[in-house]
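A.B. asks: Before anything else, here's the structure in question.
The values are calculated or read from the model by the stated rules, or taken from the named source; none is laboratory data. What you see is a predicted model, and the numbers here were worked out from it, not measured in a lab. Backbone-built Cβ (ideal geometry, glycine too); neighbour counts: all protein chains shown.
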């Protein structure tokens with residue numbers, strides 16, 4: 001059986017997943033990309049960037065672990081992000097999904 005998720009998913013392919021998660025998490029910003037291609041950044045119910053990557057997404061792709069940290073660069077600099085790997089049937093990280101926690105922005 002072929003995996004539904006794979007490392008070469010395009011921004012167009014991950015966008016519906018990111019939008020669904022955006023609505024599930026009380027409309028917090030969501031980012032998502034596959035291992036081999038850039039992805040999307042979702043805010044206010046729409047895709048703001050369809051060529052997106054970020055430091056927390058990249059760390060998750062590299063480590064295949066959930067990462068919780070405040071990035072030091074990018075549009076979410078200093079804001080807590082939690083990012084989870086999306087794994088294939090072999091347990092390999094093929095994509096990463098991040099949620100930006102606006103409840104703890106310090107503002």
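A.B. asks: Please identify the pairs in which a residue from the stretch 26-40 that is on the phi > 0 side of the Ramachandran plot has its Cβ atom under 9 Å from the Cβ atom of a residue that is at pLDDT 95 or above and assigned to a strand (DSSP E or B), counting only partners at least 6 apart or on another chain.
C.D. replies: Listed by first residue and then by second, the contacts come to 27/43.
A.B. asks: Could you please find all residues in the stretch 66-86 being within 13 Å of the chain's Cα centre (by Cα), surrounded by fewer than 15 Cβ atoms within 10 Å (Cβ to Cβ) and not in a loop (DSSP other than H, G, I, E, B)?
C.D. replies: Within the stretch 66-86, 68 is the sole residue that qualifies.
A.B. asks: In addition: For the stretch 32-63, name all the residues that are in contact with a helix residue (DSSP H, G or I) (Cβ under 6 Å, 6 or more places away or on another chain) and within 13 Å of residue 97 (Cβ to Cβ).
C.D. replies: 32, 33, 35, 39, 40, 42
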